[in-house]
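Undergrad: What follows is a single structure, and I will ask about it in a moment.
Please treat every number below as a calculation from the coordinates, not as lab data. Computed from a predicted structure; not experimentally measured. In this analysis, Cβ positions are derived from the backbone assuming ideal geometry, glycine residues included, and neighbour counts consider all displayed protein chains.
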């Protein structure tokens with residue numbers, strides 16, 4: 001799960017910093033615990049769709065823009081290789 005959520009935190013942190021916001025400012029804006037936001041940005045937690053919508057509202061971007069930015073960060077060759085590699089072959 002962590003491998004697939006890594007881009008979410010990276011992109012959210014990047015967008016937040018581009019807006020000149022601290023974690024505390026963004027968290028307060030959308031009524032989210034700052035420590036939870038920190039965990040999302042460090043890829044320790046995967047946000048729900050509801051939380052993603054709250055984050056995009058606080059960052060003043062459409063949800064689709066966040067999805068596109070996440071999509072642009074994905075190395076699909078590496079991702080598919082990890083998903084479809086037979087663990088028994090690696091032994």
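Undergrad: Between residue 65 and residue 29, what FRET efficiency comes out of the Förster formula 1/(1 + (r/R0)^6) with R0 = 22 Å and r the beta carbon distance, rounded to 0.05?
TA: Result of the calculation: an efficiency of 0.80.
Undergrad: Determine, for 53, 76, the number of other Cβ atoms within 10 Å of each Cβ, and report the residues in order from fewest to most.
TA: 76, 53
Undergrad: What list do you get for 8, 61, 74 if you sort them by fewest beta carbons within 10 Å?
TA: Least crowded to most crowded, the residues run 74, 61, 8.
Undergrad: Report the calculated FRET efficiency for residue 76 and residue 10 (r = Cβ-Cβ distance, R0 = 22 Å), to the nearest 0.05.
TA: Efficiency, from the Cβ-Cβ distance: 0.85.
Undergrad: Restricting things to alpha carbons, tell me how big segment 2-84 is in terms of Rg and Dmax, in Å.
TA: 12.8, 41
Undergrad: Could I ask something else about it? Test of understanding: ordering 71, 31, 7 by Cβ neighbours within 10 Å, fewest first, what list do you get?
TA: 31, 71, 7
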